[in-house]
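All remarks here apply to the structure that follows.
Rule-based calculations on the coordinates, nothing more; no lab input. Predicted model only: the values in this text are computed from it and were never measured. Cβ placement follows ideal geometry from the backbone for every residue including glycine, while neighbour counts extend to all protein chains displayed.
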Amino acid sequence: MKLGFIGCGVISIAHVEGLEVLNRRRLETFELTAICDIEQERAENFATVVKKRLGKRPAIYTDYRLMLEKEQLDAVSVLITHDLHHTVAEDCFASGVHVQMQKPLAISPSFGVKMIADAKKFNRVLTLSEPSVLGAENVATARAIKEGVIGSLSLIIDYATVTLNRGFFAGTPWRHLKGRAGAGWINDHGVHRTHFFTEINGPIDEVFAYTEIFEKELSNSDVTINPTGEDTAVTVFKFKNGGLGHWMCATSAHGERTGGVWIYGHKGCFRPGKHVILEDGKSILMPELIDRYAPDIVKHPFAHSYVELWEAIAKNKTPISSAERGLEALGVVFAALESATIGQPVKVQDILNHKKHTYEDTVFEEMRSLEVN
Ligand SMILES: NC(=O)c1ccc[n+]([C@@H]2O[C@H](COP(=O)([O-])OP(=O)(O)OC[C@H]3O[C@@H](n4cnc5c(N)ncnc54)[C@H](O)[C@@H]3O)[C@@H](O)[C@H]2O)c1
C-alpha cells in the first residue's frame, strides 16, 4: 500500500526507522511514496533520509491537499501540531485515504469525538500511533498485568520531570501553547501515560489535579514566548476497578530530572522496561516477559504502529492503539485539567460526553485568537 507523511519534523524519523524494520524483516508494509511539509527545505532533507533508509526518494509537497489530490495514496501518517489533527484527518478521509494519527488523537476531546465520527462517515480507518502501548515490551507489560502477574492492581506511581532551563521541549515552542498543543506537557507527554494506565488496568473513573505555569517566559536564540500551557501538573486518580494512581508531569524542574513508573499489585511490583519483583523476592526480567507474553509482536513501537495500520485496512482488525482508546486517554488528561480549573474532582465520563468543558473552552478561545492573528 502507498503511504504519505504529512509533517517531517522531530518524530518523523522514528517512523521511517519503523518502516525500515518492517522492510528488513520482509513483513507486509507500506511504501512511503510521498511526503509533505510546509517547510520545503525540511521536506527535501527528509526525502534524502527516506531514500537512504528505505531505498526510494518520495515525491515532495508543501501543500498536503495537493499531495492528496495528485498521489494515489492508500494511507497517510499525520505528524504535525495538535491543532491541525482534526482538519487534516477530515481532508484525508474525504479524499478516500486512511489515517494514522500521532498522539494525542486531537487537540482536545471534542475534536477527537469529531474525528472518530468523520472516519465512520467516510468509512475510513483511523488508528493512533501511541508508542506507550505498542512494541513487544509494552504489549508484554500490558498482557502480563492483565493476566495477573502482580495480582490485582492497587497503585500506580508515575513521576516525570524534565529540566529545560527555560527553553523548549524538543526545540518546539508550539508545545507550550494551549492553542496549538491543547495544554502543556500534561497533554503532550501526559497522554502517553494515561493511554498506558488505561491499557493495563481499564478505565479511570475520577481525577483530581493541581496545575501551574511556573516559568512565565521560555526562549531559544530565535524565539521568546509566554507559555499558556501548564508546565507542572500533580494529579491523583481512581480506576473504575478501585486501583489508585499518583501521576506527575513537569517541564519546570531545575538541576535534576526524575523519571520512573512503579505499578503495585497484591502479589508484587512491575517496573516497566525493567522487571517484575514478586513478594517472595523472585524477579522476572523484561526479555523473559516478552518471550512469555508478546513473542508475536515486533519490538519497535512505530514498526508495530504500521503493522496495526496495515491490519486495520487489509483485515479489518481492531488495533491495540485505536482512536477510541486514544480518546479515552485524552479524556483523562482533560479531566485533570478541568479539575485544576474548577477545584473539584472530575469524572472522565463527564469530559468525554462534554458535560464539563471549562478548561476545553479556554483551548477553543486560544485557537480562535491564534487563527485571527
Ligand atoms: N513518541 C511519540 O509518539 C511522539 C514524539 C514526538 C511527537 N509526537 C507527535 O507527533 C506530532 C508531531 O510532532 P513533532 O515533534 O514531530 O513536531 P515538529 O514541530 O517537530 O514537526 C511538525 C512538522 O509539521 C510541519 N507542518 C506544520 N503544519 C503543516 C501543514 N499544514 N502541512 C504540512 N506540514 C506541516 C512543520 O513544518 C514541522 O516540520 C505531534 O502530534 C506530536 O505530539 C509523538
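What the table below lists for this structure:
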{"read-out": "Dipole of the stretch 305-373 [Lys/Arg +1, Asp/Glu -1 at C-beta], most positive-end residue of 312, 359, 345", "value": "312"}
{"read-out": "Diffusion constant of the stretch 268-356 at 25 °C, which comes from Stokes-Einstein with the Kirkwood Cα-pair radius and 0.890 mPa s, µm²/s", "value": "150"}
{"read-out": "Translational diffusion of the stretch 144-266, µm² s⁻¹ [Kirkwood Rh, Cα pairs; Stokes-Einstein; 4 °C; 1.567 mPa s]", "value": "84"}
{"read-out": "Debye log10 I(q)/I(0) at q = 0.20 Å⁻¹ for the stretch 72-125, Cα point scatterers", "value": "-0.59"}
{"read-out": "Straight-distance crosslink candidates among aspartates and glutamates, where the alpha carbon sits under 13 Å from residue 347 and sequence neighbours closer than 8 are dropped", "value": "205, 206, 328, 338"}
{"read-out": "Value in Å of the Kirkwood radius, where the stretch 89-203 supplies the Cα pairs that are averaged", "value": "16.3"}
{"read-out": "Protection-proxy order for peptides 92-105, 203-216, each taking the mean of Cβ atoms within 10 Å per residue, highest first", "value": "92-105, 203-216"}
{"read-out": "Cβ-derived FRET efficiency at R0 25 Å, residue 283 paired with residue 14, nearest 0.05", "value": "0.25"}
{"read-out": "Flagged links, alpha-carbon separation over 23 Å, of 103/317; 146/240; 216/355; 2/315; 178/356; 178/216", "value": "216/355"}
{"read-out": "Relative exposure of 161, 87, judged by other C-beta atoms within 10 Å (fewest first)", "value": "87, 161"}
{"read-out": "When the convex hull of its Cα atoms is projected in every direction, mean area for the chain (nm²)", "value": "18.5"}
{"read-out": "Part-to-part distance (alpha-carbon centres) for the stretch 161-237 and the stretch 266-288, which is given in Å", "value": "30"}
{"read-out": "Neighbour-count order for 276, 363, fewest beta carbons within 10 angstrom listed first", "value": "276, 363"}
{"read-out": "Fraction in percent of alpha-carbon pairs per bin - 10 Å, the stretch 205-359", "value": "9, 24, 30, 29, 9, 0"}
{"read-out": "D_trans [Stokes-Einstein, Kirkwood Rh over alpha-carbon pairs] for the stretch 319-362, 20 °C, 1.002 mPa s, µm² s⁻¹", "value": "203"}
{"read-out": "Area projected by the alpha carbon convex hull of the stretch 269-308, averaged over all directions, nm²", "value": "3.2"}
